[in-house]
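These notes are about the structure you will find just below.
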Amino acid sequence: MKKKIILTSLLIIFVSSSIFAQQFISDVSKKGTTAAPFLSISQGARASGMGSAFVGIADDQSAIYWNPAGLAKLKGVGVLFDHTQWFADISYNFVAATYNLGDLGTIGLSVTASNIGEMKVTTIEEPNGTGETFSAADAAFSIAYALNLTDNFSIGFNPKFVYQTLWKMSASAFAIDLGIQYVTPFDGIILAMSVSNFGTKMQMLGNSNLVLHDLDPYSTGNNDKIPAYLETEQWALPLNFRVGVAYDPINTENQKLIIALDAAHPNDNYESINVGAEYNYNDFLFLRGGYKSLFLKDSEESFALGFGLKQLLLGNVAVKFDYAYQAFGRLSDIQKFTISITF
C-alpha cells in the first residue's frame with residue numbers, strides 16, 4: 001500500500017513540476033515581474049551559508065521554507081528565529097516552530113515579516129515632504145505538514161497566506177509549497193525536489209488608487225474632479241521549482257562533511273545552480289561555504305560563508321547559533337543570524 005502511495009505521490013509532483021516548468025520556459029528572464037519578491041529571500045543562516053543549496057538537506061525548522069518534506073526528519077519540538085539584514089536598510093524576520101506527532105507525521109508553523117520603517121510622503125509640489133509618512137510591509141503565514149511514507153521517503157506540504165501593504169494599498173494571496181525527499185540505496189546520497197509558491201495572483205487595491213479625474217480637460221464648465229480608481233494589474237507569485245542532491249562523503253563519530261547541489265528553475269529568471277558544503281566537528285562547530293546562482297547571467301549574488309555553534313543543555317535541550325554572510329555584488333552584502341532551540 002505504501003509503495004502505491006509513494007509512486008502516486010512521485011507521479012503527481014513530477015508531472016505537476018514538469019507542467020510548471022514548461023509554462024515559464026522563455027528567452028526572457030522576466031526579472032521583476034512577480035509580486036511578493038520577499039518570498040524568494042533565503043531563510044535560515046545555515047542554508048544561506050551553504051549558498052542556498054539546501055533542498056536535499058532540509059533537516060531543521062527552516063525546511064518549512066526550503067522543502068517541507070524535510071520536516072519529517074525532525075524529532076520532538078523545535079523553534080527557530082532568523083533575522084536577515086537585507087540591503088537598503090530593510091530587515092526580514094522568520095520564525096518557525098515544529099512538533100513531531102510520531103507516526104502521524106510532523107507539523108510546523110512559520111511567520112515571515114519585514115521591517116522597512118516609515119518614509120516621508122513627497123509630491124511634485126512638496127519635494128521635501130508633505131508632513132505625512134508611509135510605510136511598506138511584507139508578511140507570510142504558513143502551516144506545514146510532513147510525513148514519512150517509508151523509512152527512506154518523505155513528503156511535505158506547506159499552505160501559506162501572503163500579504164503585502166504599501167501606504168493605503170494592500171494585496172493578498174494564497175499559495176502552497178510541495179516537496180519530497182528520498183534517501184537512496186547509495187550510501188550517503190539524498191535526492192529531493194520542491195515546488196514553492198504555487199498559488200493565486202496578487203493585486204494592489206486601496207485608497208491610494210482613488211484619484212480625481214477630468215473627463216474632458218479641454219472643456220470648461222464641466223466637473224473636473226470626478227472620483228475614479230486607477231486600475232492595477234494582477235501579478236503572479238515567484239514560483240520556483242528546485243531539484244537537489246546531498247551527499248556526505250565523511251560521516252564518522254566526530255566529523256561529518258555534507259556536500260549539496262541544487263538546480264533552480266524560477267518563473268521570474270533564468271535557471272541557475274547553487275552549491276555548498278558544511279563541515280561538522282563533534283556536533284559542536286560547523287563551518288560552511290557555498291556559491292549561489294552559478295551560470296546565472298548578470299547575477300549580483302555569488303559566494304556565501306557561515307559558521308554555527310551548538311550546545312547541549314540539561315541533556316536533551318540543544319541551543320544553536322548560526323551566522324551567514326552573502327556577497328551581493330554592487331548592492332550591500334547580506335548578513336543572517338539564526339538561533340534555534342530543540343528539545
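Using the number of other C-beta atoms within 10 angstrom as an exposure proxy, rank Thr342, Thr123 with the fewest first. Provide the component values of the computation, followed by the final result.
Working: Thr342 19, Thr123 10.
Least to most surrounded, the residues fall as Thr123, Thr342.
Output the Cα-based Rg and Dmax of the range 90-201 in Å, rounding Rg to one decimal and Dmax to a whole number.
Here Rg and the maximum Cα pair distance are 20.5, 69 Å.
Express the C-alpha Rg of the chain as a ratio against the empirical globular expectation 2.2 N^0.38 Å, rounded to two decimals.
1.12
What span do the alpha-carbon atoms of the range 181-225 cover on each of the three principal axes, reported in whole Å from largest to smallest?
83, 19, 13
How far is helix 2-23 tilted, in degrees, relative to the longest principal axis of the Cα atoms in the chain, given as a value from 0 to 90 rounded to the nearest 10?
Taking Cα atoms only, the helix is inclined about 40 degrees.
Please report how far the C-alpha centroid of the range 152-191 lies from that of the range 77-143, rounded to the nearest whole angstrom.
18 Å
For the pairs Lys73/Lys160; Lys31/Lys297; Lys31/Lys201; Lys160/Lys201, note any where the Cα-Cα span goes beyond 18 Å.
Values: Lys73/Lys160 21 Å; Lys31/Lys297 12 Å; Lys31/Lys201 16 Å; Lys160/Lys201 13 Å.
Over 18 Å Cα-Cα: Lys73/Lys160.
Take Asp177, Asp224 and order them by how many other Cβ atoms sit within 10 Å, fewest up front. Can you show the working numbers first?
Values: Asp177 25, Asp224 13.
Ordered by Cβ neighbours within 10 Å, fewest first: Asp224, Asp177.
Take Lys336, Lys160 and order them by how many other Cβ atoms sit within 10 Å, fewest up front. List each step's numbers first, then the result.
Numbers: Lys336 27, Lys160 23.
With the sparsest Cβ surroundings first, the list reads Lys160, Lys336.
Count the net charge of all other residues whose Cβ sits under 14 Å from the Cβ of Asn223, scoring Lys and Arg as +1 and Asp and Glu as -1.
On the way: positive: Lys225; negative: Asp214, Asp216, Asp224.
Computed value for this residue: -2.
Over all distinct Cα pairs, what is the inverse of the mean 1/r for the range 259-300, reported as the Kirkwood hydrodynamic radius in Å? Don't skip to the end; give the middle numbers.
Details: mean 1/r = 0.0850 Å⁻¹.
Every distinct Cα pair counted, the radius reaches 11.8 Å.
Every number here is computed from the coordinates shown, using simple stated rules; none is lab data. Since the structure is predicted, the reported quantities are computational estimates derived from the model, not experimental observations. So basically every Cβ, Gly included, is an ideal-geometry build from the backbone, and we count neighbours across all protein chains shown.
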